[in-house]
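The values are calculated or read from the model by the stated rules, or taken from the named source; none is laboratory data. Predicted, not measured: the structure shown is a model, and the values here were computed from it. Here the Cβ positions follow ideal geometry from the backbone for every residue, glycine too, while neighbour counts run over all protein chains shown.
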Amino acid sequence: MEHYYQPEIECASREQIREWQDERLVKTVKHVYDNVEYYRKKMDEMGVTPEDIKSRDDLHKLPFLTKDDLREAYPYGLLAKPLSECVRIQSTSGTTGRRVVAFYTQHDIDLWDECCARAIAAAGGTKDDVVHVCYGYGLFTGGPGLNGGSHKIGSLTLPMSSGNTDRQIQFMCDLGSTILCCTPSYAAYLGESICERGLQDKIKLKAGIFGAEAWTEEMRHDIENKLGIKAYDIYGLTEISGPGVSFECSAQTGMHINEDHFIAEIINPKTGEVLPDGEKGELVFTSITKEAFPLIRYRTRDICILSHEKCSCGRTHVKMTKPLGRSDDMLIVKGVNVFPSQIETVLLNQGYPANYQIIADRVDNSDTLEVQVEMTPEMFSDNVGVVGAREKELVDALKSMLGIYVRVRLVNPKTIARSEGKAVRVIDKRNLYKG
């Protein structure tokens, strides 16, 4: 049976959703124009006034916002409410340049918690569940978001945060955790650790809600097999609120966007032109219910596809595919676009674990790409010929996927550093040679 947190919203008619979006967009545009000088200036430069925005059909008239705008306006330049009305900040986990800081009123926190509650309910969560949250807490949105959603549902919440794997597994066994919330790479590591300790029978998990990183279908199956669960995807950005912007239902054919709070568009990343349903492009979000930090037409850099096809779960909100890559995470090697997810697909299809690192470099003015990947204990061999044959097999499979030569180095089990937060998959040494 499908679970909902707010069925009257999650299963609302398309006409009702459209009505909410039109009314809330008009109100939000006026709110930011009146209260945020940075927005007012951008709109004035384009000759747009709040009166020009009568419905979501007029959204294309408004300027885009990018992460560069957020850095330029740091810390208070995009704040739309007095600081005295704000109760929280969250910040991105990125380390380059100025950090992105997002502000929340209590109203904003309540709505964010509701979005995360919808995601937990979609994964089968009820007040009888024990929700084990090992996303990072603090400035990172993962922990606070799922923590708040779990409280809304009424589940027993374990605010574990990330790290200390022995304690995570102990609490999982002792307290009977049923829903696990963390990054997919940490879920894979927990699965590995539980299997090594022979504790599969002591674990009562039924579902996992995993986000904050790109992960493939192959990785999903690997985690599901190791932990004996159904693994659900969740999507969000600190800039827009955090996890819960969209989430998977039991159908697992994309993530439902909470359209009563966010309007999604797909654009051509080069021209900014809005693309129709079913076209692949860059995802753009407009917040229509936030008070303190409502972003309008924020370019996420995530590449995906939107679909309004009817969903078997009964929810009516538009679905987005899992991001197919990021326009800013994409590596360009010898003129070819390479996404880490493509490499991960090849590795997992060939039976390798999701423990790998991609190293881009420049040798004699020519780009090089190397993938270091761990062998499983069963694959491990000190026979150079056997290892060499396996490496060649992967080289051929990667060339077939990417169209370029990639050097492969198989390494011993457990030699690539494990991540308890976001996995560091890509090291681009070419950046070291710039200026």
#### Entry: Of residues in the range 368-388 being surrounded by 14 or more Cβ atoms within 10 Å (Cβ to Cβ) and among the acidic types (Asp, Glu), the one nearest to Leu190 (Cα to Cα)
Glu374
### Query
Of all residues in the range 188-222 being modelled with pLDDT of 90 or more and closer than 23 Å to Ser91 by Cα, which is nearest to the chain's Cα centre (by Cα)?
Gly211
### Task
Please work out which residue is surrounded by the most Cβ atoms within 10 Å (Cβ to Cβ), limiting yourself to the range 347-367 and to residues that are assigned to a strand (DSSP E or B) and aliphatic (A, V, I, L, M).
Ile358
### Query
Do the conditions hold for Ala231, that is, is it within 18 Å of Tyr356 (Cα to Cα), in contact with a helix residue (DSSP H, G or I) (Cβ under 6 Å, 6 or more places away or on another chain) and buried (at least 21 other Cβ atoms within 10 Å of the Cβ)?
no
### Unique residue being more than 30 Å from Ile179 (Cα to Cα) and within 21 Å of the chain's Cα centre (by Cα) when the list is Leu111, Leu78, Leu59, Leu70
Leu70
### Query
So which residues in the range 48-68 are in a helix (DSSP H, G or I), charged (D, E, K, R) and modelled with pLDDT of 95 or more, if there are any at all?
Glu51, Asp52, Arg56, Asp57, Asp58, Lys61
### Query
Yes or no: Glu114 in a helix (DSSP H, G or I), at pLDDT 95 or above and closer than 30 Å to His3 by Cβ?
yes
### Query
Somewhere in the range 89-99, is a residue at pLDDT below 95 and more than 20 Å from the chain's Cα centre (by Cα)?
yes
### Task
Could you pull out every one of the strands (runs of 3 or more DSSP E) wholly within the range 280-338 that has 3 or more residues that are more than 28 Å from Ala80 (Cα to Cα)?
331-333, 336-338
### Task
Just one of (1) modelled with pLDDT of 95 or more; (2) in contact with a strand residue (DSSP E or B) (Cβ under 6 Å, 6 or more places away or on another chain) trips up Lys127, so point out which.
(2)
### Summary
Over the range 11-26, the set of residues closer than 16 Å to Thr289 by Cα and either touching a residue at least 60 places away in the same chain (Cβ under 8 Å) or polar (S, T, N, Q) (or both) is Gln16, Ile17, Trp20, Gln21, Arg24, Leu25
### Query
Does any residue of the range 81-88 turn out to be crowded, with 16+ Cβ neighbours inside 10 Å, at pLDDT 95 or above and either aliphatic (A, V, I, L, M) or under 30 Å from Cys313 (Cα atoms) (or both)?
no
### Message
Tell me the residue from Cys195, Cys249 that is touching a helix residue (DSSP H, G or I) at 6+ places or on another chain (Cβ under 8 Å) and surrounded by fewer than 17 Cβ atoms within 10 Å (Cβ to Cβ), please.
### Response
Cys195
### Task
Return the residue satisfying two criteria in turn: it lies in the range 271-289 and is under 29 Å from Glu114 (Cβ atoms) and of a type in the set (A, V, I, L, M, F, W, C), and of such residues it is surrounded by the most Cβ atoms within 10 Å (Cβ to Cβ).
Leu283
#### Entry: Members of the range 290-305 that are over 15 Å from Pro63 (Cβ atoms), surrounded by 20 or more Cβ atoms within 10 Å (Cβ to Cβ) and either at pLDDT 95 or above or of a type outside the set (D, E, K, R) (or both)
Lys290, Glu291, Ala292, Phe293, Thr300, Ile303, Cys304
### Message
Taking the criterion of being polar (S, T, N, Q), out of contact with any strand residue (DSSP E or B) (no Cβ under 6 Å at 6 or more places or on another chain) and either surrounded by fewer than 15 Cβ atoms within 10 Å (Cβ to Cβ) or under 19 Å from Thr141 (Cβ atoms) (or both), would at least one residue in the range 17-36 satisfy it?
### Response
no
### Query
Of the residues that make up the range 390-408, is at least one modelled with pLDDT of 90 or more, in contact with a Leu (Cβ under 7 Å, 6 or more places away or on another chain), assigned by TED's automatic domain parsing to the domain that holds Gln342 and part of a helix (DSSP H, G or I)?
yes
## Note on the structure
The residue that is modelled with the highest pLDDT, considering only those in the range 334-383 that are among the small types (Gly, Ala, Ser) and touching an Asp or Glu at 6+ places or on another chain (Cβ under 8 Å), is Ala360
## Note on the structure
For the range 115-143, pairs from a residue that is more than 22 Å from Ser250 (Cα to Cα) to a residue that is in a helix (DSSP H, G or I) and aromatic (Phe, Trp, Tyr), with Cβ under 6 Å and 6 or more apart or across chains, are none
### Message
Just to be sure before I move on: is Tyr33 modelled with pLDDT of 95 or more, in contact with a Gly (Cβ under 6 Å, 6 or more places away or on another chain) and either in a helix (DSSP H, G or I) or over 17 Å from Glu291 (Cβ atoms) (or both) in the structure I sent?
### Response
no
### Query
Which condition does Phe339 not pass, out of (1) without any contact (Cβ under 8 Å) to a residue 12 or more places away in the chain; (2) under 24 Å from Thr271 (Cα atoms), if it passes all the others?
(1)
